[in-house]
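Visitor: Sharing a structure below in structure tokens format, with a few things to ask.
Just so it is clear, none of the values below were taken in a lab; they were calculated from the coordinates. Predicted, not measured: the structure shown is a model, and the values here were computed from it. Positions of Cβ are backbone-derived with ideal geometry, glycine not excepted, and every protein chain shown enters the neighbour counts.
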Amino acid sequence: MGVNAGSSKVFGWFSNMSSVSGMFNWLGICITAIRFRAGLKAQGIDPKTLPWYSSLQPYAAWWGCLWTVLIILFADWSVFLNGNWDHSSFITNYMPIPVFIILYFGYKFWYKTKIVSADDMDFMTGVSSWKTKS
């Protein structure tokens, strides 16, 4: 499939970077689930009134955050062991971490956006299929 061994090596680099970036996506999903649940709690909305409810939340999201962070940080931990240092492996596995942080906070700074507090989250605009129980 590849013309030479170099193409296989480059494919591995892209695969590593894509995997770490994908883990950041899952981390974002878990954090969103945790924040959503916090918003419901702050506004007194019973999660059981939602069309989809899981009794595992928010614990499953916290569990997912923990494992996602561990996978991101220790994806290629062996590179830090004595005699295993590899520049390309380190860069492709750990470069997405500062890139993600710079892009996230850069966006926040450039567009002057703020994280919405749990009390200010809007759960009602445009919703007509379910109502909260009083």
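Visitor: Go ahead and estimate [θ] at 222 nm for the chain from helices alone: -39,500 (n - 2.57) per DSSP H run with n ≥ 4, summed, over the residue count, rounded to 500. Working shown, then result.
Guide: Working: 4 runs with 77 residues, N = 134.
So the calculated ellipticity at 222 nm is -19500 deg cm²/dmol.
Visitor: So what's the net charge close to Q43: Lys and Arg +1, Asp and Glu -1, counting the other residues with Cβ under 12 Å from its Cβ? Let's see the in-between values first.
Guide: On the way: positive: R37, K41; negative: D46, D119, D120, D122.
Summing Lys and Arg as +1 and Asp and Glu as -1 gives -2.
Visitor: Shifting gears a bit: Going by how many other beta carbons lie within 10 Å of each one, how would you line up S7, S128, fewest first?
Guide: Fewest to most other Cβ atoms nearby, the residues stand as S128, S7.
Visitor: Suppose every Lys and Arg Cβ carries +1 and every Asp and Glu Cβ carries -1, with no other charges. What dipole size does the range 5-120 come out with about its Cα centre, to the nearest 20 debye?
Guide: Numbers: 8 positive and 5 negative charges, 57 e Å.
For the range 5-120, the charge dipole is close to 280 debye.
Visitor: By how many degrees, between 0 and 90 and to the nearest 10, does the Cα long axis of helix 59-73 differ from the longest principal axis of the chain?
Guide: 20 degrees
Visitor: Another question about this same structure. Would you please put 60-66, 73-79 in order of how densely packed they are, using the mean number of other Cβ atoms within 10 angstrom per residue and starting with the highest? Before the final figure, lay out the partial values.
Guide: Details: 60-66: 15.4, 73-79: 13.4.
Packing order, densest peptide first, comes out as 60-66, 73-79.
Visitor: How far apart, in nm, are two points set 7 Å out from the Cα along the Cα-to-Cβ line at D76 and at A5?
Guide: About 1.7 nm separates the two model spin labels.
Visitor: Kindly state, to the nearest 0.05, the FRET efficiency for M124 paired with Y104, given R0 = 22 Å and r defined as their beta-carbon distance.
Guide: That pair, M124 with Y104, gives E of 0.20.
Visitor: For helix 5-42, what angle does its Cα long axis make with the longest principal axis of the chain, in degrees from 0 to 90 and rounded to 10?
Guide: That works out to roughly 20 degrees.
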